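The values are calculated or read from the model by the stated rules, or taken from the named source; none is laboratory data. The shown structure was predicted, so the numbers you read here are calculated from the model rather than taken from an experiment. Every residue, glycine among them, receives a Cβ derived from its backbone with ideal geometry; neighbour counts consider all protein chains shown.
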Ligand code: NAD
């Protein structure tokens, strides 16, 4: 057994798991009955595990368990007690932060320092939503008829969540926390390529006091376990985080069962640099926007729009800076960029770079590290128009397309000339212009002289191919609840306009 696999299994044992990936159904770690799924370490290309797909059988068991436990979770304890459990979950995540970060780093190939940040954010999500558990209530509405009309804000019941491989524990905590704070129960299917930290998170949550069966995790494939859970009669809503292509399939399956969906999909975000910006700060921001996480971020600043007067200077600064970025082993403390997370994505990113070359791009890049692993070095594609494939399709790698613009109007037109609507940024010292651009660019999140700042208290989501619905903040509380309108007639004789009693 390799040293890395040994380290991975030790980390798994220390968060209450067995030594191979298993689903978590009604509190039981359970092997699937389905086809084999392999987990490959993207740094060594070693097969870490082969496990069996949860398939339709476990999907049914998971939804049944969630359905059976939801009423007790919503009504069997006070909302304040529910919040207290979530506080305890937050503390447990923090006290197991290192093994959680190690599992994520080995399986997803993400630098350990980024993994630590994401685990801390997960703890913050449970702490934030713990405070909302007993503060969400309806309202009294002054209807004209004289009835007492009030609303109850109720949980939906069972929600099914699907998450991707690029930020497994982060996207898991992001969706589980608001769902359970509002009294729902959950079935979650992380990516089949990175399922372990989501199971670990829920196992730790159960040890911290979450009743078994309130959150169930399916380790397995989308078309089998995922599709079966979408169709299960107990599931009231589907929340999907992933690619536009799969999002379309998931939304179609949900709609054909008359179930609502939230879709958090991809992006092609514009990072706009004006010549009056602090160019050094803007360059650091542009690097973080596209190279951190090896560009495998939905909000990556993958279209760099630079005012023509400083375009060459800025691209040169960005390209020179690439040489100082440390690529390497995700477990190494100094690593800033790890490998691409899986072979399929590696093929996609390298294929997109080849296509950009065929479409006439001038390519600035650097050597990758020696040895194996799915590494793609930081890359800038220059001399492409905004219509080029690399400027319109999500690459989801450390690859940015740099495009010049002349004035504010052209910057806005280029930024909006995309089928996505997720995020964007502007770098300028002109405050008025910063606000004008923030308003004019189609995006769910927009930064001014900054990039990638997010917090669980602030809403997040997109439009068009970036999806619909909102996560985080109070918006997520609305997504995971529904209002019930209650009418009480307090008049001496009922105000019913029609009816006979014999
Ligand atoms: P993907 O669409 O390939 O897979 C996402 C999930 O869908 C996985 O769990 C997968 O197993 C599941 N799935 C696949 N087919 C399914 C089916 N037929 N039914 C049900 N589930 C199915 O995405 P990915 O490659 O894992 O992730 C990368 C994508 O995720 C990128 O496009 C990225 O931008 C996006 N993303 C978006 C956000 C956001 O918040 N907007 C966050 C992270 C990632």
Quick check on segment 150-157. Is at least one of its residues within 16 Å of the ligand (Cβ to nearest atom) and more than 15 Å from residue 69 (Cα to Cα)? no
Of everything in segment 104-113, what is surrounded by fewer than 24 Cβ atoms within 10 Å (Cβ to Cβ) and either out of contact with any helix residue (DSSP H, G or I) (no Cβ under 6 Å at 6 or more places or on another chain) or closer than 19 Å to residue 19 by Cβ (or both)? Give them in sequence order. 113
Among the candidates 101, 120, 127, single out the residue that is surrounded by fewer than 22 Cβ atoms within 10 Å (Cβ to Cβ), assigned to a helix (DSSP H, G or I) and touching a helix residue (DSSP H, G or I) at 6+ places or on another chain (Cβ under 6 Å). 127
Of all residues being surrounded by fewer than 19 Cβ atoms within 10 Å (Cβ to Cβ) and over 23 Å from residue 35 (Cα atoms) in segment 212-233, which is farthest from the ligand (Cβ to nearest atom)? Just the residue, please. 212
Sort through 285, 321, 266 and tell me the only one that's surrounded by 24 or more Cβ atoms within 10 Å (Cβ to Cβ) and at pLDDT 95 or above. 266
Pairs please, first residue from segment 241-256 and more than 23 Å from residue 170 (Cα to Cα), second anywhere and more than 10 Å from the ligand (Cβ to nearest atom) and outside any helix (DSSP H, G or I), Cβ atoms under 6 Å, 6+ apart in sequence or on different chains. 254/261
Find all pairs meeting these conditions: Cβ atoms under 6 angstrom apart; at least six residues apart or on different chains; first residue within segment 294-308 and over 8 Å from residue 396 (Cβ atoms); second residue part of a strand (DSSP E or B) and near the ligand (Cβ under 10 Å from one of its atoms). 299/423
From the options 205, 177, residue that is within 16 Å of the ligand (Cβ to nearest atom) and either surrounded by fewer than 24 Cβ atoms within 10 Å (Cβ to Cβ) or more than 19 Å from residue 32 (Cα to Cα) (or both): 177
Residues in segment 234-249 that are outside any strand (DSSP E or B) and more than 9 Å from the ligand (Cβ to nearest atom): how many? 2
Here are some conditions: (1) near the ligand (Cβ under 10 Å from one of its atoms); (2) touching a helix residue (DSSP H, G or I) at 6+ places or on another chain (Cβ under 6 Å); (3) over 30 Å from residue 58 (Cα atoms). Residue 306 meets all but one. Which one does it not meet? (1)
Restricting to segment 269-301, and then to whatever is in contact with a strand residue (DSSP E or B) (Cβ under 6 Å, 6 or more places away or on another chain) and assigned to a loop (DSSP other than H, G, I, E, B), can you tell me which residue is nearest to the ligand (Cβ to nearest atom)? 299
